[in-house]
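Contents: one structure, followed by commentary.
The values are calculated or read from the model by the stated rules, or taken from the named source; none is laboratory data. This structure is a prediction, so every number in the text was calculated from the model and none was measured. Note that we place each Cβ from the backbone using ideal geometry, even for glycine, and neighbour counts take in every protein chain shown. Ligands, DNA and RNA are stripped out before the accessible areas are found, and what is left, the full protein with its side chains, is counted by its heavy atoms. Shrake-Rupley method; radii C 1.70, N 1.55, O 1.52, S 1.80 Å.
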Amino acid sequence: MPPIIEEPLEARQALEFPYKHSTGPVIGRFLAGLKEQGLIWGRRTKGLGVVVPPLGYSELDGSDDEGIWVQVADRGVVTAFAKVHQPLEGLHPCTTPFAFVLVKLEGADTPMAHIVTDGLDRLKVGSRVIAHWKPAEERIGSIKDIAAFRLAE
């Protein structure tokens, strides 16, 4: 008698693990400042000075930061950049050419990552830039409340 061959059982099921992620008190206050005040806040951190965005701890030794909030300007100097000539939809923050930049804002001791969308042909390390904010009614408490930085020159 030949062996009985049975088809394998198959069950497809979608599992979901819904959760809410808390920004915590430090990043939460930073994002609230963007949304509600149109201001950029950093925190004084041991060995690093004023860090933007704030971390709540020192990257040097993991110790708590000093807990002192410092308002910084929404303008600064580009310390590094990488141009994206052909953005990929769904991957990049915009669909037209742009540059990822590190901007050292006036009053901060560390640079902040963001984008520049205009004047890419004139962009260089040392370029002065200023934040271009979304209208207050469109802000949601995200780093994207700053739409982009623009050349100030």
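Some notes on this structure:
- Residue within region 71-79 that is surrounded by 13 or more Cβ atoms within 10 Å (Cβ to Cβ), acidic (D, E) and either within 17 Å of I143 (Cβ to Cβ) or at pLDDT below 95 (or both) present: yes
- In region 23-33, the residues that are of a type outside the set (F, W, Y) and open to solvent by less than 90 Å² (accessible area, probe 1.4 Å): T23, G24, V26, I27, G28, L31, A32, G33
- Residue selected from region 20-41 under the condition more than 13 Å from the chain's Cα centre (by Cα) and among the hydrophobic types (A, V, I, L, M, F, W, C), by the criterion nearest to K134 (Cα to Cα): L39
- Any pair with Cβ under 6 angstrom, 6 or more apart, that starts in region 21-48 at a residue that is touching a residue at least 60 places away in the same chain (Cβ under 8 Å) and ends at one that is of a type in the set (F, W, Y) and not in a helix (DSSP H, G or I): G38/W133
Per-residue answers, yes or no, for (1) among the small types (G, A, S); (2) open to solvent by 20 Å² or more (accessible area, probe 1.4 Å); (3) touching a helix residue (DSSP H, G or I) at 6+ places or on another chain (Cβ under 8 Å):
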residue	(1), (2), (3)
E106	no, yes, no
S127	yes, no, no
I130	no, yes, no
K134	no, yes, yes
I140	no, yes, yes
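- Some residue of region 34-54 being part of a helix (DSSP H, G or I) and either touching a Lys or Arg at 6+ places or on another chain (Cβ under 7 Å) or open to solvent by less than 50 Å² (accessible area, probe 1.4 Å) (or both): yes
- Residues in region 83-95 that are open to solvent by less than 50 Å² (accessible area, probe 1.4 Å) and outside any loop (DSSP other than H, G, I, E, B): V84 only.
- Residue check for L60: open to solvent by less than 30 Å² (accessible area, probe 1.4 Å) and part of a loop (DSSP other than H, G, I, E, B): no
- For L123: the one exception among (1) open to solvent by 50 Å² or more (accessible area, probe 1.4 Å); (2) over 30 Å from W69 (Cβ atoms): (1)
- Pairs are defined by a Cβ separation below 6 Å, a sequence spacing of at least 6 or placement on different chains, a first member in region 54-66 that is within 26 Å of S142 (Cβ to Cβ), and a second member that is part of a loop (DSSP other than H, G, I, E, B) and among the small types (G, A, S); the pairs so defined are S58/G47; D65/G56.
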